[in-house]
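Participant: My structure is below; once you've seen it, I'll send some questions.
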Amino acid sequence: MSATSATPPSRAARLRLRHSLDVALRGADLLEQKLRILRTRHESLLRAEETGARAWRDTVREAETWLLRGLLQGGEHALATAADGVGPTEITWRAETTMGVRHPWHLSCQVPDRSPDAATPGNTALVHAEAAWREALRAGAEYAVARAAAGIVGAEVARTRQRVRALRRHWIPRLEESLAQIGLALEESEHEDAVRRRWTTGSSDTGRTGGG
C-alpha cells in the first residue's frame, strides 16, 4: 500500500489546503509586486497624458490664432491655395510592454513638407499657421498615444487590484478557516483515539488481573 493511500482523507485534505494556501499567498505577493510596478508606470503615463493634453491645447490655440489672422488678411481663397501641395501625415508607434501589459508608445509623426511645385501661402500669417498646425498635429498624436497607453495600463491596474483583493479578503481567509477547522477536527479525533486506546488498554489489564 502506498503512503498516499494509507494517509487518512482528513490529513490529505489538510496537506492539500496547506499547499493551496501557500500558492495563494505567493500569488498574492506576486500580484502586489506587479500592482506596485503598474501603478508607478500608470502614474507616469497619466502625467504624460496631462502634459500632452496641455501641449495639444496650446498648439491648437496658437494655430487657430494664426489661421484667423491669415483668413482676415487673405480670405478663404488664400486658405484654399495654402492647403494645396500638403500631403498626408504618417503616424506610427511601437508597442511597449510593462509587466506583460502591451500598450502603444514610441511615437513617430512624419508631417511631409510642402511640395516644391505647390504655391506658397499668400501671406505671412498663413505661413505661421501652417507651421503651427504641424506642431499641433504632432502634439495631438503624442497626446492620443499617451492617453491610450494610460487607459490600457490603468485598466490592468484595476484588474490586478481586484484580483489581489479577492485573494486577500476572500480566498485566503477561507483557506485559513478551512485549514483551522481541519486541524481542530484532527486534534479531536486524535484525542478520542487516545482515550479509546487507554480505555482498551485498561480493560485488557483488568481482564488479565481478574483471570489470574
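Participant: Report in % the part of the accessible area of region 99-181 that belongs to carbon and sulfur, leaving out ligands and nucleic acids; probe 1.4 Å.
Facilitator: Here it works out to 52 percent.
Participant: Given the C-alpha atoms of region 74-193, compute the convex hull and give its volume per residue in Å³.
Facilitator: 115 Å³
Participant: Once the cut-off is 17 Å, how many percent of the Cα-Cα pairs in region 124-171 end up in the long-distance tail?
Facilitator: 59 percent
Participant: May I ask you to evaluate 6.51 cos²θ - 1.76 cosθ + 1.60, the Karplus curve with θ = phi - 60°, for each residue of region 124-131 and list the ³J(HN,Hα) values in order in whole Hz, giving x for glycine and proline?
Facilitator: 3J(HN,Hα) across region 124-131, in whole Hz: 5, 4, 6, 4, 5, 4, 4, 5.
The values are calculated or read from the model by the stated rules, or taken from the named source; none is laboratory data. Because the structure is a prediction, the values reported are computed rather than measured. What goes into the accessible areas is simple: the full protein's heavy atoms, side chains included, and nothing from ligands, DNA or RNA. Shrake-Rupley method; radii C 1.70, N 1.55, O 1.52, S 1.80 Å.
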